[in-house]
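The values are calculated or read from the model by the stated rules, or taken from the named source; none is laboratory data. This is a predicted model, so every value here is computed, not measured. Quick reminder, even Gly has a Cβ in these numbers, built from the backbone with ideal geometry, and neighbours come from all protein chains shown. Side chains included, ligands, DNA and RNA excluded: accessible areas come from the protein's heavy atoms. Shrake-Rupley method; radii C 1.70, N 1.55, O 1.52, S 1.80 Å.
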Amino acid sequence: MAHKTASHEQQKIQVASMNGFGNRVKQSNIASGMMLALISIFAVTILAACGKQENAAQGQGMPPMPVSVVTIEPTSVPMSAEAVAQTEGAKEVEIRPRVGGILLKKLFEEGAPIKAGQAMFLIDPVPYQIALANAKAQLAQQKARLEQAQREAQRLQSLVATQSVSQREADNARSDNALALASLAQYESAVREAELNLSYTTVTSPLSGVAGRFELSEGALVSANTSLLSKVSQISPIWVRFSLSDAELAQLGGPLTQKVVKDVRLVMPNGEEYPQSGELNFAASGIDPQLGTQLLRATFDNNDKRLLPGQFARIRVITGKRDGVFLVPQTAVLSSDQGKFVFIANEKNEVVVKPIVAGNWVGKDWVILSGLEAGDKVIVDNIIKLRPGATVAPHPLADASTATTAKPNESAGSK
């Protein structure tokens, strides 16, 4: 009986334990359900708040970005190419003495205009005056010898008729006369040479132009045909030397000749265009294999002496006109790995990217060869803020200041 009673008590304890465990499970399930319900309510609240904010933002709306646009139309531009150029004198000579000696005096102003034949330097003439006097004295002696030989030949010739002298003596007298006559010509040449050397002691300019600086100083010993005294450059007309690459020549239709070039313009370093047009006066017959360029030269009238040899400038060569192209401000043209492109505003005022093929510059504009169509509205400002598909508020470029001024008033009115 005692054993049965113990077993019965254990069964009661187990049943009680199982009932307690079941109650705890039920309580846990109820807690979890309540937690899920709270989370759901919180999520719905957040979504509702976000929806209200989104609706409010949509209702308020961000204004489209104002941009300036230019409506392009086809036009004609000159077929031209520009290159760096350098001026040089049409004629440039180095002034060197033709005789040696002591340089006594400089007879010109450095950098001043000079005329052909004008005296520039004086070399000590005394040695050459002495040489001339000596040559003249020798010439006088030879003239006396010639006269003596002529008299002797005539005398012996008359004696041959009477057979007073032999024919051989008369022939020798005629030969002496001929030798004396030849020597006379030699001494006359020596006199002319001495006179010429004396004249070379006054160094003159062979052409009209502008004198360079004096390379030596008065009192220096100069050597004939060696010492450089100065330079003279003819600057009216003046030459401009430049080169064009294969790519630039291709834009102009190929290598240039004097017949192909219609006009040549010179752009000064300050951006001002030289008032007078030039002419192409030299075009190399081949392309330099090392540089891949064609050497060219143009000539310009320079009566006002505004251009000086050695100046750097830009030269523009025009060979004709190109029709059906577009001009776009340089600020509107962008570059990428795939080439150049522009942003345009379409009919819906949305930003669209258009790849283009650009030529050269005309003033401050790019020449667009292809990629655009007549009537396209090219965006020229706020480009860095744009993205394809964005909505913009385009206005003509001329009205950019008006739009900028009106924007703060509109913002104030919206407030």
Over segment 337-354, the set of residues in a loop (DSSP other than H, G, I, E, B) and under 18 Å from I368 (Cβ atoms) is Q338, N346
Only one of these is surrounded by 15 or more Cβ atoms within 10 Å (Cβ to Cβ), free of Cβ contacts under 8 Å to residues at least 24 places away in the same chain and among the polar types (S, T, N, Q): Q157, Q163. Name it. Q157
Taking the options Q142, Q150, Q157, name whichever one is under 30 Å from T201 (Cα atoms), among the polar types (S, T, N, Q) and either part of a loop (DSSP other than H, G, I, E, B) or touching a helix residue (DSSP H, G or I) at 6+ places or on another chain (Cβ under 6 Å) (or both). Q142
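Results for (1) under 50 Å from the mean Cα position of the chain (by Cα); (2) among the hydrophobic types (A, V, I, L, M, F, W, C); (3) over 20 Å from P309 (Cα atoms), shown as yes or no for each residue.
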{"position": "G89", "(1), (2), (3)": "yes, no, no"}
{"position": "V93", "(1), (2), (3)": "yes, yes, no"}
{"position": "F108", "(1), (2), (3)": "yes, yes, no"}
{"position": "F121", "(1), (2), (3)": "yes, yes, yes"}
{"position": "P127", "(1), (2), (3)": "no, no, yes"}
{"position": "A137", "(1), (2), (3)": "no, yes, yes"}
{"position": "A140", "(1), (2), (3)": "no, yes, yes"}
If only one of A90, A85, A119 is within 30 Å of S236 (Cβ to Cβ), in contact with a Leu (Cβ under 9 Å, 6 or more places away or on another chain) and open to solvent by less than 20 Å² (accessible area, probe 1.4 Å), which one is it? A85
Selection count where residues are within 24 Å of K321 (Cβ to Cβ), open to solvent by 70 Å² or more (accessible area, probe 1.4 Å) and not in a loop (DSSP other than H, G, I, E, B), scope segment 263-297: 2
Among the listed residues P355, P309, identify the single one that is touching a Gly at 6+ places or on another chain (Cβ under 8 Å) and within 30 Å of G89 (Cβ to Cβ). P309
Of all the residues that make up segment 313-371, how many are out of contact with any strand residue (DSSP E or B) (no Cβ under 7 Å at 6 or more places or on another chain) and closer than 16 Å to I383 by Cβ? 3
Complete set of residues in segment 103-132 that are part of a strand (DSSP E or B) and farther than 14 Å from Y200 by Cβ: K105, K106, P113, I114
What residue, among those in segment 355-373 that are in a loop (DSSP other than H, G, I, E, B) and open to solvent by 60 Å² or more (accessible area, probe 1.4 Å), is farthest from L249 (Cα to Cα)? E373
What is the residue count in segment 190-226 for residues that are part of a helix (DSSP H, G or I) and either touching a residue at least 24 places away in the same chain (Cβ under 8 Å) or open to solvent by less than 50 Å² (accessible area, probe 1.4 Å) (or both)? 8
Answer with yes or no whether G253 is open to solvent by less than 30 Å² (accessible area, probe 1.4 Å) and touching a residue at least 12 places away in the same chain (Cβ under 8 Å). no
Looking at this structure, is I344 open to solvent by less than 20 Å² (accessible area, probe 1.4 Å) and out of contact with any Gly (no Cβ under 7 Å at 6 or more places or on another chain)? yes
If a residue must be surrounded by 16 or more Cβ atoms within 10 Å (Cβ to Cβ) and part of a loop (DSSP other than H, G, I, E, B), how many such residues does segment 299-327 contain? 4
Filter result (free of Cβ contacts under 8 Å to residues at least 12 places away in the same chain and either buried (at least 16 other Cβ atoms within 10 Å of the Cβ) or of a type outside the set (S, T, N, Q) (or both)) within segment 134-154: A137, A140, A144, E147, R151
Can you name every residue in segment 172-189 that is surrounded by 14 or more Cβ atoms within 10 Å (Cβ to Cβ) and not hydrophobic (A, V, I, L, M, F, W, C)? N172, R174, D176, N177, S183, Y187, E188
Given the criteria surrounded by fewer than 16 Cβ atoms within 10 Å (Cβ to Cβ), within 51 Å of the chain's Cα centre (by Cα) and at pLDDT below 90, does D246 qualify? yes
Give just the number: which of (1) open to solvent by 70 Å² or more (accessible area, probe 1.4 Å); (2) more than 18 Å from the chain's Cα centre (by Cα) does S236 not satisfy? (1)
